[in-house]
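Participant: Quick one: this structure, given as structure tokens, is what I'll be asking you about.
The values are calculated or read from the model by the stated rules, or taken from the named source; none is laboratory data. The shown structure was predicted, so the numbers you read here are calculated from the model rather than taken from an experiment. Glycine gets a Cβ as well: all are built from the backbone with ideal geometry, and neighbour counts include every protein chain shown. Just the protein is used for accessible areas: all its heavy atoms, side chains included, with ligands, DNA and RNA removed. Shrake-Rupley method; radii C 1.70, N 1.55, O 1.52, S 1.80 Å.
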Amino acid sequence: MVAPPRHAKVKKGMKKRAATSRTSMKTRVRKITKRRPRSVPKNFQKKKIQEYVKTGIEGLDQLLDKGIPRGSSVIIAGGAGSGKTIMCLQTIYNAAKDGKKVLYMSFEETEERLLDHMKAFGWDVAKLPNRKDFVVKMCSIYDITRLLEAMMAKAEGDLMIDINPIMIPKGFKPDIVVIDSVTAIASAFQGKDTYRSYIENLFRYLQREGVTSFMITETEEVPTVFSPTGVEEFLADGVIVLYSLRKGDIRQNAIEVLKLRGASHMKKVVAMRVVSGVGIEVYPEQEVFGDIK
Amino acid sequence: MPSKILSAIRENQIIVFEISKKNYIEKTYEIIAEVSNKHDNICYVTLNRPYQTMLKDFAAKKIDSGKFTFIDAVSGGGKNSPGVIFVQSPKSLTDISIDMSNLLGKKTESFIFDSLSTLLIYSDSMTSIKFVHSIVSKIRAASKKCIFMSLKEDSGTDMMKDINMFVDKIVPY
Ligand SMILES: Nc1ncnc2c1ncn2[C@@H]1O[C@H](COP(=O)(O)OP(=O)(O)OP(=O)(O)O)[C@@H](O)[C@H]1O
Ligand SMILES: [Mg+2]
């Protein structure tokens, strides 16, 4: 329990309130959730559930200590070829092996390519306990634009939150969603404001549904901003950064858990590799030689 | 002469052998032969000669290559096997460190690092020192041994002065 002081305070407060009346507390939270969905339920859920999602990547799970609090939205930021796609595929494959329902929203690669890519690492979806739990959905930015128009037509302020902003297939209730990538979504928007309300809506929606999400963002090689507008990284509960660092004519991969709300984690940049036939390996004890500029 | 090698290995955990350019190859094989008489599981990190070349030399000199796991940073890649791990370049210090660390947890009794002088050609002095310091700490923590080869001609460099601080003995050879 490496609870920061703020966290501790919240917990104390909750106990007190819970002592007066648990049900009224619930109703109150539900009411607040309706009005301002982001303010209260986070800590409330944390207290109530305390479930953690593991990536199944041993070294990364060590960095993450207990894991990612269930229902968190985590940005996976990194430059081209830094391993974002592989890391997310590996994580959701591991989760699906554990019986979780997972959804991969791809704007960049087709389902066939992704599944082939996975097979090369030995992640064969046909071998999952339930093949139907692993869903890949290919989207185009046109889908998003069309969806947006529908939303705008229907929306009046906050009512926008009633629309499923990422077209989760009907009847499928995923535990984990990967969006590859938020950067691609951002490119579908002309105005910054509409994108912003869309993205806020997206975070809110996933949170309300209790979905743990990984949102891939394409960044600079050594990013200082981790998302298309910089807003996403504040809305997100976590940011994991993947580096592909150049040292002359070679590259070295590294990984850092930059933030993760409501969970303790190691705060350092450590070595990572993409190993043929295995996937991502993270070395929590291995420093990276050469500068991260 | 071999006795000098042997007593240095016996009495120290981390050693640097300083060898002159002139007879570098010959002398390193004398050291390799001595180490392979003493240990059965050795990791040889080569930044100088490719794995294939070394295998031939081992055979010619009747050194049992079966006792060795190579980390080859010269060939520029290749297919790993139980006897060899390929690393992209002598610049790939992080990869070399990961692969050495992985072997620390296994049966490996000693490491031979060939060489500090080559390390310095590919990485700046500060990075090289950090690397050596880090790997020496890990080897010490695991109670294993390590021999670093180095050129006598480099003995006055900043790196060698610094490395002096965290090795047990520097043996001119
Ligand atoms: N089968 C494989 N074996 C080893 N390494 C691989 C393999 N496939 C891919 N890689 C490495 O992984 C990197 C790509 O990983 P990935 O596609 O996950 O990156 P990304 O961050 O999603 O890139 P992009 O920005 O293009 O979407 C490649 O640059 C390559 O170095
Ligand atoms: Mg990708």
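Participant: Which residues, counting only those in region A:223-246, are open to solvent by less than 50 Å² (accessible area, probe 1.4 Å) and away from ligand 2 (no atom under 16 Å from the Cβ)?
Facilitator: Answer for region A:223-246, where residues must be open to solvent by less than 50 Å² (accessible area, probe 1.4 Å) and away from ligand 2 (no atom under 16 Å from the Cβ): A:Thr229, A:Gly230, A:Val231, A:Glu232, A:Glu233, A:Leu235, A:Ala236, A:Asp237, A:Gly238, A:Val239, A:Leu245.
Participant: I'm trying to understand the selection: among the residues of region A:116-139, which are assigned to a loop (DSSP other than H, G, I, E, B) and open to solvent by less than 40 Å² (accessible area, probe 1.4 Å)?
Facilitator: A:Phe121, A:Trp123, A:Asp124, A:Leu128, A:Cys139
Participant: Among the residues of region A:105-115 satisfying the criterion of being surrounded by 12 or more Cβ atoms within 10 Å (Cβ to Cβ) and not in a helix (DSSP H, G or I), which is farthest from ligand 2 (Cβ to nearest atom)?
Facilitator: A:Met105
Participant: Quick one: which helices (runs of 4 or more DSSP H) sit completely within region B:92-160 and have at least 2 residues that are among the polar types (S, T, N, Q) and within 22 Å of A:Asn253 (Cα to Cα)?
Facilitator: B:93-104, B:125-141
Participant: Please verify whether region A:78-88 includes one or more residues that are in contact with an Asp or Glu (Cβ under 6 Å, 6 or more places away or on another chain), assigned to a loop (DSSP other than H, G, I, E, B) and more than 10 Å from ligand 1 (Cβ to nearest atom).
Facilitator: Among the residues of region A:78-88, not one is in contact with an Asp or Glu (Cβ under 6 Å, 6 or more places away or on another chain), assigned to a loop (DSSP other than H, G, I, E, B) and more than 10 Å from ligand 1 (Cβ to nearest atom), which makes the answer no.
Participant: Given the conditions (1) polar (S, T, N, Q); (2) assigned to a helix (DSSP H, G or I); (3) within 14 Å of chain B (Cβ to nearest Cβ), report the number of the one that A:Ser197 does not fulfil.
Facilitator: Here A:Ser197 meets the rest and fails (3).
Participant: Go through (1) among the aliphatic types (A, V, I, L, M); (2) at pLDDT 95 or above; (3) more than 16 Å from the chain's Cα centre (by Cα) one by one and return the number of the condition B:Val74 breaks.
Facilitator: (3)
Participant: Just need a number here: residues in region B:124-134 that are open to solvent by less than 10 Å² (accessible area, probe 1.4 Å) and facing chain A (nearest Cβ under 10 Å).
Facilitator: 2
Participant: Criterion first (of a type in the set (Asp, Glu), open to solvent by 10 Å² or more (accessible area, probe 1.4 Å) and within 14 Å of another protein chain (Cβ to nearest Cβ)) does A:Asp249 satisfy it?
Facilitator: The answer is yes for A:Asp249.
Participant: Mind listing whichever residues of region A:197-216 are among the β-branched types (Val, Ile, Thr) and away from ligand 2 (no atom under 16 Å from the Cβ)?
Facilitator: Those that are among the β-branched types (Val, Ile, Thr) and away from ligand 2 (no atom under 16 Å from the Cβ): A:Ile199, A:Val211, A:Thr212.
Participant: Restricting attention to region B:90-119, report how many residues are within 14 Å of another protein chain (Cβ to nearest Cβ) and either of a type in the set (Phe, Trp, Tyr) or open to solvent by less than 50 Å² (accessible area, probe 1.4 Å) (or both).
Facilitator: Residues flagged as within 14 Å of another protein chain (Cβ to nearest Cβ) and either of a type in the set (Phe, Trp, Tyr) or open to solvent by less than 50 Å² (accessible area, probe 1.4 Å) (or both) within region B:90-119 amount to 15.
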